[in-house]
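I have placed the structure first, in the form of structure tokens, so that the comments after it can refer back to it.
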Number of protein chains: 2
Amino acid sequence: MTELDSIVQNLESRGHRVTPARRAVVGAVLGRPGHFTVDDVLREEPGAGRATVFRTMRLLCDLGILCRVILEDGSLHYRLSQRGHHHHLVCVSCGSVRDMDDCVVDDLVRELSRQTEYDIEGHWLEFYGRCRRCRPSGEGQRQ
Amino acid sequence: MTELDSIVQNLESRGHRVTPARRAVVGAVLGRPGHFTVDDVLREEPGAGRATVFRTMRLLCDLGILCRVILEDGSLHYRLSQRGHHHHLVCVSCGSVRDMDDCVVDDLVRELSRQTEYDIEGHWLEFYGRCRRCRPSGEGQRQ
DNA sequence: GTCTCAGTGATACCAGGTATCATTAGGCCA
DNA sequence: TGGCCTAATGATACCTGGTATCACTGAGAC
């Protein structure tokens, strides 16, 4: 089964209709290795309406098929998501995004919760840097 | 010396002029305990032009007098900043914001950098929860 | 006093996103 | 198969948050 088929099945199993527009958006999304904006998808599928692409992207986010990535400049991008809650490591040079498997801040949240007496319900975390291919060799870590 | 005077001095010492519009924006900002939007300031100072308020807020951010806070819904707010790099713990119920003194993710960044071979240059982190006053008593932590 | 230029504010504009609504079409049922 | 219901579509207007432009103003240096 192709990835497209599996997403289509996911949509159907949750009671959403599978239409040509949705297939087109999913196809465009699957053809992109890194992160992308709604406009990228719109350019690739000029036939689809703006509102439809926005709606479909939001739906795919809600279903956990896509996830949002906020870049260092604050701009909102999307990318295919394999898991539930996770964090991103974004290469500011080539734009590649790496998922981090575990929720790396769980321990931190527990400790903070104890210290501050806050009931911590959520967090937002992104890391920015340069991947192995893009980092200047021999240079140390800066953060 | 009042807080307003100290900010005014900060502006002057960095070669920026101190104008009535800037005094008004700083005054409006100082009168707000939590986080606020540009629109909040605009409502409080209807005499000041939109562009001027945006410019002044950006200037205050650049100078480290204000800092940006992204809330859970993705909306951009501002708040007074006492320090350089730090993170926020935002109460989703009453809107109060608590700074975290140290860069709590330093260890995490070092470990991630080692694991992933990324040269990590920056990160974005916010926590959301309920402060002691707002958390339902007796209820456990949900994250 | 005057001169310079940073700052102002009105305005137009832009980008990204949502709301509305008539129309289309997927898919269920008789 | 046809009819029907309603989710989805797409054109469009609109909203929100922010920037660019530009003529004008006034702070402050001399």
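The values are calculated or read from the model by the stated rules, or taken from the named source; none is laboratory data. Quick caveat: nothing in here was measured; it's all calculated off a predicted structure. So basically every Cβ, Gly included, is an ideal-geometry build from the backbone, and we count neighbours across all protein chains shown.
Descriptive notes on the structure:
- Of all residues making up segment A:23-49, the number that are in a helix (DSSP H, G or I), farther than 18 Å from residue A:67 by Cβ and in contact (Cβ under 8 Å) with a residue 12 or more places away in the chain: 4
- Any hit, segment A:59-75, residues being at pLDDT 90 or above, surrounded by 16 or more Cβ atoms within 10 Å (Cβ to Cβ) and either within 11 Å of DNA strand C (Cβ to nearest atom) or more than 30 Å from residue B:125 (Cα to Cα) (or both): yes
- Residue A:4 being under 19 Å from residue A:68 (Cβ atoms) and either out of contact with any strand residue (DSSP E or B) (no Cβ under 8 Å at 6 or more places or on another chain) or within 11 Å of DNA strand C (Cβ to nearest atom) (or both): no
- Taken residue by residue, segment B:58-66 has no member that is assigned to a helix (DSSP H, G or I), within 12 Å of the chain's Cα centre (by Cα) and of a type in the set (Val, Ile, Thr).
- Taken over segment B:53-77, the criterion of being within 9 Å of DNA strand D (Cβ to nearest atom) and either away from chain A (no Cβ under 14 Å) or not small (Gly, Ala, Ser) (or both) is satisfied by B:53, B:54, B:55, B:57, B:58, B:68, B:76, B:77.
- No other residue among B:18, B:8, B:29, B:38 is surrounded by 12 or more Cβ atoms within 10 Å (Cβ to Cβ) and under 25 Å from residue A:75 (Cα atoms) apart from B:38.
- Yes/no for residue B:81 being modelled with pLDDT under 80 and away from DNA strand D (no atom under 15 Å from the Cβ): yes
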